[in-house]
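Read-outs: derived from the displayed coordinates by stated rules, not from any lab. These figures come from a predicted structure and were not determined experimentally. As a convention, Cβ positions derive from the backbone with ideal geometry for all residues, glycine included, and neighbour counts pool all protein chains shown.
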Amino acid sequence: MFASIEELSEKLKLAKYVIDEVTLKVVFLAARMRKPLLIEGPPGSGKTELARVVALAAGTQIERLQCYEGINEEKAIGKFDESLQRIYLSSQSGTFGGDWTSLRSGLHTLDFFVEGPLLRALQYEAPCVLLIDEIDKVSKEFEAELLEILSEWQISVPKLGTIKAKSKPFVVMTSNEERRIGDPLRRRSLYVRFEHPTIERETKILGLRTTTQHSGLHGELAGFAHALRGYKLEKPPSIAEMLDLAEALRLLEADGITAVMRDVLLPCIAKTESDRRRLLLRDGFESLVFDTRRYCEELSGRGVSA
Ligand SMILES: Nc1ncnc2c1ncn2[C@@H]1O[C@H](COP(=O)(O)OP(=O)(O)OP(=O)(O)O)[C@@H](O)[C@H]1O
Ligand SMILES: [Mg+2]
């Protein structure tokens, strides 16, 4: 997928994804070693986005399996299209000479199968990116099913048979750790841990991902995010919320966060009633704005443009 680490780095830069040196190398290794990447970390820390930008960087398609509780093989792998099979049967009725075996095998081919993302991912001539998003939502049984795909690069479907991969996809699995992923899947993967970004890193991300030209605001928002995450909220805001906040400030034509804007900005950053109440406490928001200024001063003291 990528000839060198430098090539991957350049392409991720073009895709506006901020990545540290170590993670960059691990992504490169995963692509080269044909190992799935298992990324765990808090919401909004860039797990899903990494899969998207790797596909973009490799100039390939992305197949996405969005996991949820109760997901089954039909959704993930696919199922026979019964109505199409019926149409086929009725079209054959005039010519049917009693050959049940060939009729049955004719009906159970990929032509009559609606492929789900897992099966589609194995059908590409050149490797695609297979994103198995929020894998912590699936049951242990479903997880076990994934093992065949990830270790044998094939899928066995009753009546259809075993479908071998034309190319091995680059697999990215993400988890918010709602349930612990089993060890067999972990052992087959390269494990990466994402955390909320540092102020410097978030300043960079906001600079790349917002339309606001006011560069001082990126550092201010990153400092504000850092202050919010230290405020013991039930749902600390992620990068995604800070991007929303940047957009809100742009639309409000505000070039900084001030305590008087609290009520208008709260919907962007407080996502539960208890967090909203905490941020409405007297001095709560004001102290955050104060901390933000302090972080920004520290940053410029270290020579980082904020
Ligand atoms: N390293 C990064 N570089 C550039 N943008 C980033 C980065 N990390 C996060 N983002 C931005 O934050 C947004 C949210 O990231 P993403 O959806 O990947 O989070 P996630 O970890 O998958 O969260 P969740 O667990 O809620 O699904 C992205 O759409 C992107 O705009
Ligand atoms: Mg995600």
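Worth pointing out:
- Most mobile of SER102, SER287, SER167 in a GNM of the chain (Cα contacts under 10 Å): SER102
- Here r is the Cβ-Cβ distance between GLU200 and ARG34 and R0 is 30 Å; the resulting FRET efficiency, rounded to 0.05, is 0.35.
- Potential extension, LEU252-ALA240 segment - 0.36 nm per residue separation minus Cα distance: 2.5 nm
- Between helix 21-33 and the chain there is an angle of about 0 degrees, using the helix long axis and the longest principal axis of the Cα atoms.
- Kirkwood Rh and Cα Rg combined as Rg/Rh, the stretch 199-301: 0.93
- Note on MET261 and ARG278: the model spin-label points, each 7 Å out from Cα along the C-beta direction, lie 2.2 nm apart.
- A cut-off of 5 Å between modelled amide H atoms, ignoring neighbours fewer than 5 places along the same chain, links PHE113 with ASP81.
- Among the GluC sites (Glu not before Pro) in the stretch 148-221, those located in a DSSP loop and surrounded by at most 16 other Cβ atoms within 10 Å of their own Cβ are GLU177, GLU178, GLU195.
- Low-density loop positions, GluC sites (Glu not before Pro), the stretch 44-87 - DSSP coil, at most 12 other Cβ in 10 Å: GLU69
- Of PHE142, SER156, PHE194, farthest towards positive along the dipole that unit charges on Lys, Arg, Asp, Glu beta carbons give the stretch 134-244: SER156
- Modelled spin labels at TYR88 and ARG186, positioned 7 Å past Cα toward Cβ, are 4.3 nm from each other.
- Taking amide H atoms as placed 1.01 Å from N in the peptide plane, the amide H of ILE132 lies under 5 Å from those of LEU65, VAL172, MET173, THR174, each 5 or more residues away in sequence or on another chain.
- Counting only lysines at least 8 places from LYS75 when in the same chain, those with an alpha carbon closer than 29 Å to its own are LYS35, LYS47, LYS137, LYS140, LYS159, LYS164, LYS166, LYS168.
- Note on LYS79/ASP20: beta-carbon distance plugged into 1/(1 + (r/R0)^6) with R0 of 41 Å gives a FRET efficiency of 0.50.
- The long axis of helix 284-301 is offset from the longest Cα principal axis of the chain by roughly 90 degrees.
- Along each principal axis, taking the top coordinate minus the bottom one, the Cα set of the stretch 5-99 gives 66, 31, 23 Å in descending order.
- All aspartates and glutamates inside 17 Å of LYS11 as judged from Cα atoms, apart from same-chain residues fewer than 8 positions distant: ASP20, GLU21, GLU49
- Calculation over all alpha carbon pairs of the chain in 20 angstrom steps from 0 returns a P(r) of 28, 45, 21, 5, 0 percent.
- Residue order, fewest to most surrounding Cβ atoms within 10 angstrom, among MET1, MET261: MET261, MET1
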